[in-house]
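See below for the structure under consideration.
The values are calculated or read from the model by the stated rules, or taken from the named source; none is laboratory data. Nothing here was measured: the structure is a model prediction, and the numbers come from that model. Because the Cβ atoms are built from the backbone with ideal geometry, glycine has one as well, and the counts that use them run over all protein chains shown.
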Amino acid sequence: MQTPNLDRLVKAGTTFTHAYNMGAWSGAVCVPSRTMLNPGRFLWTTQKLDRNLEPERAAGRLWALEMKRAGYDTCLTGKWHLKTDAKKVFAVTQHIREGMPHDSPEGYDRPHEGQPDVWKPWDTKFGGYWEGGKHWSEVVGDDATEFLGRAANAKHPFFMYIAFNAPHDPRQSPKEFVDKYPLDKIKAPANFVPEYPYKDGIGCGRDLRDERLAPFPRTEYAVKVNRQEYYALITHMDEQVGRILDALDKLPDAKNTYVIFTADQGLAVGHHGLIGKQNLFDDSVRVPLLVVGPGVAKGRKISAPVYLQDIMPTSASRKAVASLMPSPMKPTVWPRPLSTRTTRAFCIGESLAKMVVRSARRARAAAVCLVRCPSSGISARTVAATTGPTPGMASSRLALWASTASAAMSWVAAWSQCAMNLHGPGDNLLRQFSVFHRFETGLLSLA
């Protein structure tokens with residue numbers, strides 16, 4: 001797959017090779033994914049928010065609102081798909097998209113080898129990404145570069161939520177990008193089967209929209225065509241990412257900017273005989289996660305498992321944001337109940353983890369710690385928690401104190417709907433330790 005601009009990010013920063021979407025409660029996995037990401041919460045507390053996110057917005061408990069409170073100019077372009085008004089969340093909004101582009105019946109149950117295929121990715125008559133006269137990925141690129149052009153003279157740092165719909169189906173892109181992937185060069189996955197034997201048991205049968213994109217039973221030809229169009233859509237999106245990075249590089253403070261690239265979920269596109277994302281195989285639940293910025297190691301790969309929603313509290317913990325947050329807690333994760341009987345922890349650094357968990361239980365409080373292995377030569381840093389007055393159930397507010405980074409940094413969150421799985425060897429130290437139960441914690445260690 002040709003992704004020269006995402007490759008730029010890989011070389012310039014750190015790649016989390018095992019970042020995961022925590023799960024979903026609907027076939028539209030992107031909705032739970034974004035409902036976890038923007039408030040920075042875990043799956044089991046976000047389904048209630050999906051019904052109505054307005055109270056969270058009104059209380060300022062969304063990513064962009066945290067950044068706004070810290071003094072950042074905020075901007076959204078592209079897909080939102082959350083149940084609150086984006087115009088009340090961001091200072092600047094452009095071309096807000098809800099959900100997937102409109103599809104057409106001709107885009108399903110195709111292609112059949114040896115039979116005419118009327119649907120073509122570059123044919124604008126089918127609408128979808130072509131609605132409005134210009135491909136939606138290019139529109140996102142236009143909006144982002146325009147905002148960055150104005151940012152050169154802005155008085156405040158900025159936070160951009162750049163939300164590509166690509167590479168969600170319908171897999172449409174200009175013909176020149178499809179031509180980059182000759183069909184005879186495309187291979188079906190090694191684990192390809194014509195039909196996954198348990199597809200109906202896991203809800204990925206013929207009744208699921210995503211799975212109807214290709215014929216049943218699957219053929220290698222149909223899978224190869226779908227992958228060809230998937231790759232083309234990703235490469236076209238990658239070109240827009242390059243435009244945005246080029247515009248960013250022209251800013252005086254470009255080196256003082258964090259760039260995060262991630263996605264809602266992966267996509268099967270032929271793996272195990274599946275096409276969509278509603279399964280628990282790695283190709284669907286793993287997401288790309290690339291981080292570039294000051295203090296972030298270049299060309300590094302970390303294989304520690306992390307969750308997608310950890311991005312939000314991590315960004316709020318950086319010194320640039322903390323220095324602008326109101327005291328005494330700067331910034332904070334809002335109060336959530338913690339059941340001391342069901343506290344769980346995962347980490348490397350067992351003895352320290354157990355000590356903190358025991359202390360938290362005795363105090364009936366929440367605690368979180370960033371843990372580094374003793375072999376690294378860097379001591380662990382404990383983050384304090386304050387305890388509420390209610391016996392047996394602590395209402396806690398977690399202070400996420402600053403770690404490393406210089407002041408007045410900007411953030412760019414480059415967001416893509418689906419995923420390329422970025423594999424590779426790397427540091428397998430789990431640098432995150434969380435005590436959690438109905439309580440949102442988690443920081444990514446980038447040092």
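Things worth noting here:
- In segment 119-137, the residues that are of a type outside the set (S, T, N, Q) and touching a Phe, Trp or Tyr at 6+ places or on another chain (Cβ under 9 Å): Trp119, Lys120, Pro121, Trp122, Asp123, Phe126, Gly128, Tyr129, Trp130, His135, Trp136
- Taken together, Lys175, Lys134 contain a single residue that is within 26 Å of the chain's Cα centre (by Cα) and among the basic types (Lys, Arg), which is Lys134.
- Segment 1-45, subset charged (D, E, K, R) and not in a loop (DSSP other than H, G, I, E, B), residue farthest from Gln228 (Cα to Cα): Arg34
- Beta carbons closer than 7 Å, at least 6 apart along the sequence or on distinct chains, pair a first residue in segment 124-138 that is modelled with pLDDT of 95 or more with a second that is crowded, with 16+ Cβ neighbours inside 10 Å and of a type in the set (A, V, I, L, M) for Ser137/Ala166; Ser137/Met237.
- Criterion: under 27 Å from Ala24 (Cβ atoms), touching a residue at least 40 places away in the same chain (Cβ under 8 Å), buried (at least 24 other Cβ atoms within 10 Å of the Cβ) and not aliphatic (A, V, I, L, M) - qualifying residue of Asp283, Asp264: Asp264
- Candidates Phe216, Phe164 - the one that is aromatic (Phe, Trp, Tyr) and touching a strand residue (DSSP E or B) at 6+ places or on another chain (Cβ under 9 Å): Phe164
- Pair list, Cβ < 6 Å and 6+ apart or interchain, from segment 38-50 residues that are of a type in the set (Phe, Trp, Tyr) to residues that are assigned to a loop (DSSP other than H, G, I, E, B) and surrounded by 16 or more Cβ atoms within 10 Å (Cβ to Cβ): Phe42/Glu440
- Every residue from segment 86-97 that is in a loop (DSSP other than H, G, I, E, B) and closer than 17 Å to Arg150 by Cβ: Phe90, Ala91
- Selection of segment 88-131 for residues being of a type in the set (Lys, Arg), more than 20 Å from Asp210 (Cα to Cα) and over 29 Å from the mean Cα position of the chain (by Cα) yields only Lys125.
- Condition check for Arg206 on (1) touching a residue at least 24 places away in the same chain (Cβ under 8 Å); (2) farther than 26 Å from Thr3 by Cβ: one failure, at (1).
- Within segment 115-137, the residues that satisfy the criterion of being closer than 24 Å to Trp80 by Cβ, in contact with a helix residue (DSSP H, G or I) (Cβ under 6 Å, 6 or more places away or on another chain) and part of a helix (DSSP H, G or I) are Tyr129, Trp130, Trp136, Ser137.
- Residues located in segment 267-280, provided they are in contact (Cβ under 8 Å) with a residue 24 or more places away in the chain, in contact with an Asp or Glu (Cβ under 6 Å, 6 or more places away or on another chain) and at negative phi: His271, Ile275, Gly276
- For segment 147-190, a residue qualifies if it is part of a helix (DSSP H, G or I), of a type in the set (D, E, K, R) and either free of Cβ contacts under 8 Å to residues at least 24 places away in the same chain or more than 19 Å from Met237 (Cα to Cα) (or both), and the qualifying residues are Arg150, Glu176, Asp184, Lys185.
- Subset of segment 71-81 (residues that are crowded, with 22+ Cβ neighbours inside 10 Å and either modelled with pLDDT under 95 or not β-branched (Val, Ile, Thr) (or both)): Tyr72, Cys75, Leu76, Gly78, Lys79, Trp80
- Scanning segment 137-156 for residues that are touching a Ser or Thr at 6+ places or on another chain (Cβ under 9 Å) and aliphatic (A, V, I, L, M) yields Val139, Val140, Ala144, Ala151.
- Sole exception among (1) out of contact with any Asp or Glu (no Cβ under 9 Å at 6 or more places or on another chain); (2) surrounded by fewer than 20 Cβ atoms within 10 Å (Cβ to Cβ) for Tyr221, by number: (1)
- Boolean, Ser33 is polar (S, T, N, Q) and surrounded by 22 or more Cβ atoms within 10 Å (Cβ to Cβ): yes
- Here Asp7 meets the list (1) buried (at least 21 other Cβ atoms within 10 Å of the Cβ); (2) without any contact (Cβ under 8 Å) to a residue 60 or more places away in the chain; (3) over 29 Å from Arg209 (Cα atoms) almost entirely, failing just condition (1).
- Residue within segment 48-58 that is more than 13 Å from Ala163 (Cα to Cα), modelled with pLDDT under 95, in contact with a strand residue (DSSP E or B) (Cβ under 7 Å, 6 or more places away or on another chain) and charged (D, E, K, R) present: no
- Criterion (in contact (Cβ under 8 Å) with a residue 60 or more places away in the chain, more than 25 Å from Arg212 (Cα to Cα), of a type in the set (A, V, I, L, M) and surrounded by 21 or more Cβ atoms within 10 Å (Cβ to Cβ)) met by exactly one of Ala64, Ala24: Ala64
Residues checked against (1) touching a His at 6+ places or on another chain (Cβ under 8 Å); (2) outside any helix (DSSP H, G or I):
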site	(1), (2)
Gly60	no, yes
Leu65	no, no
Thr74	no, yes
Thr84	no, yes
Gly99	yes, yes
